[in-house]
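Asks: Dropping the structure in here first, questions after.
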Amino acid sequence: MAIKHKFESNKKYFTISIYSCVVILVACIIFRLVNNWTETHTMLLDLWNTMFPFFMGFLIAYIMNPVVKFFNRNLFTKLVGKNHPKICRNCSIVFTYLLLTLGISLCLFFIIPQVYDSIVELSKQFPKLYENLWGFVQRIRDTNRNPIMDMIADNFEKKTLPSLIQRSNNLIANTLPMIYEASISFIQWIFNVFIAFVISIYLTADKKILKVGAKRFIHACFNKEHSISIIRTLRDCHVLVSSYIVGKSLDSLIIGFLCFGLMSVLQLPYTILISVIVGLTNMIPYFGPFIGAIPGTFILVINSPTKAFIFIIMIIVLQQFDGLILGPKILGSSTGVRPIFILFSITVGGAYFGPLGMFLGVPTFAVVQYLVKRWVNNRLSKRIEQKP
């Protein structure tokens, strides 16, 4: 009579089988994505465009959170009382976003029309720039009769000028399609900004619920020791990134107003336009003021080279004030990222994510550097403890 053996489950081998299946599945997915990189790139781009409003909403909520906490602590807690924390926080959120809406409205109704007028006025200066350039070439050719100058003048007259005229005609012919595409892009951008704004409000209002849910998830996935370590690490990363983003935003806002005031005192043209450019580009660490100075200098050179020179001196003084006095006062201690890695993070972030990547590249690299440093220190400390 044959003996029937009962099947006995083995938890160890079952776990190994599950891990093996997961590894094989992940490897197949990675191979599929890499082997069809064109489709993968299109899919990732569509995914990024879809998730971009949520990312912007999270970023807005992240920047607004310290402002909400400030009004909650210093205004509404004193007005309403500590016995009504939920009412105080809701009032703080409403008040903060009303201020943000008011600021955006001021930009739309006052700053943007002035920037538009500056751009229109600037476009009218291009014919004058061409006449001055052509007169400069003619004077050099008349005073320095030689084959090289004759060749440069003839090349400018026969090739450069017709090319500029042809490009201008093509630009005029394509004006309507460009306006249509720009209008569609602008409407889509406004819609994304509105969605991001709404998402940021929900994220700010549900901050405590999301925070508690994230902690419960971490505790459910890891043991107590690892959970505490992960939460502490996330808290340190939050302090590092939030202090940098909020501080840099405030610093750039002050620099923009200082640029506006100095240009008004020095009676330089295109004050609003250049001040907005300088304030926005100052968000980029180290290189921001110089990046903002390039278009400002070009704009002023068209109007007056002397005013452009005055502007360059003003930007150098403003940058020194920001780097030596204002920046350290607002930002406090630096992120600890060396200049070479700042250049690396700005270059990589700008190449893949544009101006937003140039701004967020430094705090992102600072977080990565902090995590690597923490991991290395933990590994070294364990090795020291293991030594006899």
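Values quoted throughout were computed directly from the atomic coordinates according to the rules given, and no laboratory measurement underlies them. Being a predicted model, the structure only gives us computed values, none of them experimental. Glycine also receives a Cβ, built like all others from the backbone with ideal geometry; neighbour counts cover every protein chain displayed.
Asks: Output ³J(HN,Hα) for segment 296-310: one whole-Hz value per residue in order, computed from phi by the Karplus curve 6.51 cos²θ - 1.76 cosθ + 1.60 with θ = phi - 60°, and x for Gly and Pro.
Replies: Rounded to whole hertz, the list is x, 5, 4, 5, 6, 4, 4, 7, 6, x, 5, 5, 5, 5, 4.
Asks: For each pair in Lys12/Lys382; Lys248/Lys329; Lys86/Lys207; Lys207/Lys373; Lys86/Lys211; Lys69/Lys208, compute the distance between the two Cα atoms and list the pairs where it is over 18 Å.
Replies: Lys12/Lys382; Lys207/Lys373
Asks: While we're here: Quick one: Phe287, Phe14, fewest Cβ neighbours within 10 Å first, how do they rank? The partial results should precede the final answer.
Replies: Numbers: Phe287 15, Phe14 10.
The fewest-first ordering by Cβ neighbours comes to Phe14, Phe287.
Asks: Additional query: Based on the Cβ-Cβ distance from Phe217 to Cys107, what FRET efficiency comes out when R0 is 35 Å, to the nearest 0.05?
Replies: E between Phe217 and Cys107, to the nearest 0.05, is 0.35.
Asks: Ok, one more. P(r) for segment 223-375: what percent of alpha-carbon pairs falls in each 10 Å bin, starting at zero?
Replies: With 10 Å bins starting at 0, P(r) equals 11, 36, 29, 16, 6, 2, 1.
Asks: Using amide H atoms built in the peptide plane, which far-off residues or other-chain residues are under 5 Å from Met283 H to H?
Replies: Correct list: empty.
Asks: Another one. Taking other Cβ within 10 Å of each residue's Cβ, how do Asp251, Asp236 sort, fewest first? Each step should come with its number before you reach the end.
Replies: Values: Asp251 21, Asp236 14.
Listing Asp251, Asp236 from fewest to most nearby Cβ atoms yields Asp236, Asp251.
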